[in-house]
1. Restrict the check to the stretch 29-37 and report whether at least one residue is touching a Ser or Thr at 6+ places or on another chain (Cβ under 8 Å) and free of Cβ contacts under 8 Å to residues at least 60 places away in the same chain.
2. Between residues in the stretch 75-95 that are within 12 Å of Phe155 (Cβ to Cβ) and modelled with pLDDT of 90 or more and residues that are among the hydroxyl-bearing types (Ser, Thr, Tyr) and part of a helix (DSSP H, G or I), which pairs lie under 8 Å by C-beta distance while being six or more apart or on different chains?
3. Could you list, in sequence order, all residues of the stretch 117-141 that are in a loop (DSSP other than H, G, I, E, B) and not small (Gly, Ala, Ser)?
4. If you take the residues in the stretch 51-105 that are over 16 Å from the mean Cα position of the chain (by Cα), among the charged types (D, E, K, R) and part of a helix (DSSP H, G or I), which one is surrounded by the fewest Cβ atoms within 10 Å (Cβ to Cβ)?
5. What single numbered condition from (1) in a helix (DSSP H, G or I); (2) open to solvent by less than 60 Å² (accessible area, probe 1.4 Å); (3) aliphatic (A, V, I, L, M) fails to hold for Leu114?
6. What number of residues within the stretch 141-183 satisfy the criterion of being without any contact (Cβ under 8 Å) to a residue 60 or more places away in the chain, more than 21 Å from Glu123 (Cβ to Cβ) and open to solvent by 70 Å² or more (accessible area, probe 1.4 Å)?
Amino acid sequence: MYGLVNKAVQQFVIEGHGEEAWDIIRKSAGVADESFISMEPYPDKTTYDLVAAAAEHLEIDSGDILEAFGGYWIRFSMEEGYGDLLNMAGNNFPAFLKNLNNLHTHVAQSYTKLRPPSFLCEEIDEKTFRLVYSSERPGLTRFVGGLLLGLAEKFNVDITIDYKGRVGDSPNDYTYIVEYKPK
């Protein structure tokens with residue numbers, strides 16, 4: 001994953017638990033770097049190790065951390081200069097979900113080694129979508145749930161997420177049913 005993701009993990013921990021907690025987590029994860037370069041790719045293991053160390057140190061379930069981090073990622077990426085790009089991806093919740101792959105295509109123009117997930121968004125009715133998330137990276141389903149919650153906040157809608165599990169025999173395709181309504 002790119003340094004931008006690890007930088008977001010760092011800020012997420014610091015904002016919620018302080019510099020000292022971050023330093024303990026970073027060292028526990030075996031990360032020597034005190035800061036990350038946003039445009040530089042890092043091994044996925046670095047991010048996974050940071051999440052595992054945070055879960056252990058903060059005594060919080062790693063899934064709960066991933067979900068909270070997913071929500072945080074939306075705000076963080078907007079503050080890091082990607083707000084215009086996010087705004088161009090859609091001016092409402094369903095439009096944004098339908099444009100997730102296009103968003104990643106634009107991001108890949110700058111992050112040339114990006115290995116993004118893909119999304120299939122199918123409308124079930126005017127307030128419900130089936131979202132299929134596909135990624136080569138395992139264990140991020142709760143992160144995607146957090147992203148959906150962060151987007152709901154951005155677009156000022158209430159959502160319910162029903163995680164349906166894997167799609168068929170694929171180890172990396174997951175389905176969510178997402179219902180939304182204006183706040």
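The values are calculated or read from the model by the stated rules, or taken from the named source; none is laboratory data. Here the structure is a predicted model, which is why all the values come from computation and not from measurement. Every residue, glycine among them, receives a Cβ derived from its backbone with ideal geometry; neighbour counts consider all protein chains shown. Remember, those area values only see protein heavy atoms, side chains included, never the ligands or the DNA or RNA. Shrake-Rupley method; radii C 1.70, N 1.55, O 1.52, S 1.80 Å.
1. The first filter runs over the stretch 29-37 and keeps only residues touching a Ser or Thr at 6+ places or on another chain (Cβ under 8 Å), leaving 29, 31.
Keeping just the survivors that are free of Cβ contacts under 8 Å to residues at least 60 places away in the same chain gives 29, 31.
Yes: the stretch 29-37 contains one or more residues that are touching a Ser or Thr at 6+ places or on another chain (Cβ under 8 Å) and free of Cβ contacts under 8 Å to residues at least 60 places away in the same chain.
2. The qualifying pairs are Leu86/Ser77.
3. Here is the first cut: in the stretch 117-141, the ones in a loop (DSSP other than H, G, I, E, B) are 117, 126-127, 135-140.
Answer for the stretch 117-141, where residues must be in a loop (DSSP other than H, G, I, E, B) and not small (Gly, Ala, Ser): Pro117, Glu126, Lys127, Glu136, Arg137, Pro138, Leu140.
4. Here the residue is Asp84.
5. (1)
6. Counting residues in the stretch 141-183 that are without any contact (Cβ under 8 Å) to a residue 60 or more places away in the chain, more than 21 Å from Glu123 (Cβ to Cβ) and open to solvent by 70 Å² or more (accessible area, probe 1.4 Å) gives 3.
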